Amino acid sequence: RDVGAICLKGTTGKARLGNAPHRVYETPMGMLNAIGLQNPGVDHVVRNILPTLDFSETRFIANASGSTIEEYIEVTARFDDSPIDAIEINISCPNVKEGGVQFGNSPEMSARVVEACRKVTKKPLITKLSPNQTDIRENARRCIEAGTDAFAVINTLMGMAVDVEKRRPVLANVQGGLSGPAIKPIALLKTWQVYQEAAP
């Protein structure tokens, strides 16, 4: 089967080691992860990884992540000056203590990030929305007004697992993102809600 596009791992301005282990835990209907955006930094990705990709085979989408609006601008601008086909703005990472949760759960902050990124790139912007917020429709509306071209609905749900023997969280980060079959009904509902707001 042909692949329409491949989305790269979340990329920040500087290299990040991510969270301490344990970072992954299997649940009965999915998986919790708290990797914490481990990556080599945007300069390394653009200089050393993008040249190894075959852009004639499929489209490649960068994932811009950050702890501040300035970092989102830095990463987006760097990818704008690259052969990448589109840029996904990760404003909703649930396992990063700063940046992701605050930006993705606030329509005002989400719009500010999108608006800032829109000013430094002409490439298509895809905003990854968080399901961990009060009204995803309002967030979508504000992001459209700020200049997003599309949405990734949704990111993972916040969750945790407990070691009953030790009586403590399994993940060193305490919370992580829940993915897998368990969240599909939620993803479908959130997609429907965003469609009601975003459809022409």
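The values are calculated or read from the model by the stated rules, or taken from the named source; none is laboratory data. Keep in mind that this is a model prediction, so the values were computed, not measured. Glycine also receives a Cβ, built like all others from the backbone with ideal geometry; neighbour counts cover every protein chain displayed. Protein only, heavy atoms only, side chains kept; ligands, DNA and RNA dropped before computing areas. Shrake-Rupley method; radii C 1.70, N 1.55, O 1.52, S 1.80 Å.
Things worth noting here:
- Taken as a whole, the structure leaves E197 outside the set of residues that are in contact with a Lys or Arg (Cβ under 9 Å, 6 or more places away or on another chain), closer than 27 Å to G30 by Cα and of a type in the set (D, E).
- Residues (of a type outside the set (K, R) and open to solvent by 50 Å² or more (accessible area, probe 1.4 Å)) located in the stretch 152-168: M158, M160, V162, V164, E165
- Residues located in the stretch 110-124, provided they are among the aliphatic types (A, V, I, L, M) and open to solvent by 30 Å² or more (accessible area, probe 1.4 Å): V120
- Residue within the stretch 1-10 that is charged (D, E, K, R), at pLDDT below 95, out of contact with any helix residue (DSSP H, G or I) (no Cβ under 9 Å at 6 or more places or on another chain) and open to solvent by 60 Å² or more (accessible area, probe 1.4 Å) present: yes
- Residue in the stretch 41-51 that is assigned to a loop (DSSP other than H, G, I, E, B), open to solvent by 30 Å² or more (accessible area, probe 1.4 Å), out of contact with any Pro (no Cβ under 6 Å at 6 or more places or on another chain) and farther than 14 Å from S67 by Cα present: no
- Residues of the stretch 169-178 that turn out to be touching a Gly at 6+ places or on another chain (Cβ under 8 Å) and open to solvent by 30 Å² or more (accessible area, probe 1.4 Å), as a count: 2
Table: residues versus (1) over 25 Å from E197 (Cβ atoms); (2) in contact with a strand residue (DSSP E or B) (Cβ under 8 Å, 6 or more places away or on another chain); (3) crowded, with 23+ Cβ neighbours inside 10 Å.
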residue	(1), (2), (3)
F55	yes, no, no
E74	yes, no, no
D80	yes, yes, no
N105	no, no, no
E108	no, no, no
I126	no, yes, no
A140	no, yes, yes
A150	no, yes, no
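- Of all the criteria given as (1) of a type in the set (A, V, I, L, M); (2) under 21 Å from K123 (Cβ atoms); (3) at pLDDT 95 or above, the one not satisfied by I69 is (3).
- Selection from the stretch 57-72 of residues that are of a type in the set (V, I, T) and either assigned to a helix (DSSP H, G or I) or out of contact with any strand residue (DSSP E or B) (no Cβ under 9 Å at 6 or more places or on another chain) (or both): T68, I69
- If only residues of the stretch 35-54 that are among the hydrophobic types (A, V, I, L, M, F, W, C) and at pLDDT below 95 are counted, the one that is nearest to the chain's Cα centre (by Cα) is L37.
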